[in-house]
Amino acid sequence: MLKQLRKRVAARHHQIKVGSIYFLSNFYDKEGAMVKVLSKSCATNRAGWNSSVNVVVLDSDYHYYVIGATHTVNASNLYDLRSQASAEYRYGNQ
């Protein structure tokens, strides 16, 4: 299970493009921020994954993500579209 998860994180890390804009999900598609990727590396992040992505907040509807602030996040928390962060999109109707 953990091995599969590591592969998914690595695959998503590879897909992320520096300079592109993504939705950073805090709680599915309910809260988060639009961010621009400044850089990325395979350095281990605080969560223990080898997927560190540095972003700047462009727009936010969550108090933690202040516009203009920079954060280091995991690539698996970045979505091309906000709707892709929804529970229904990610897990389907279970």
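None of the figures in this text is laboratory data; all of them are computed from the coordinates on show. Everything quoted here is computed from the prediction, not taken from an experiment. All Cβ positions, glycine included, derive from the backbone under ideal geometry; neighbour counts span all protein chains shown.
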Taking only Cα atoms of the chain, radius of gyration then Dmax in Å: 12.9, 38
Under 22 Å from the Cα of Lys3 - lysines, other chains or at least 8 residues apart: Lys40
Residues Ile67, Ile16, sorted so that the one with the fewest Cβ neighbours within 10 Å comes first: Ile67, Ile16
Ordering of 4-10, 80-86 by packing [mean C-beta count within 10 Å, highest first]: 80-86, 4-10
Fully extended contour minus Cα-Cα distance, from Ser83 to His63, at 0.36 nm per residue: 5.2 nm
Distance in nm between pseudo-label sites at Ser39 and Arg8 (7 Å out along the Cβ direction from Cα): 2.9
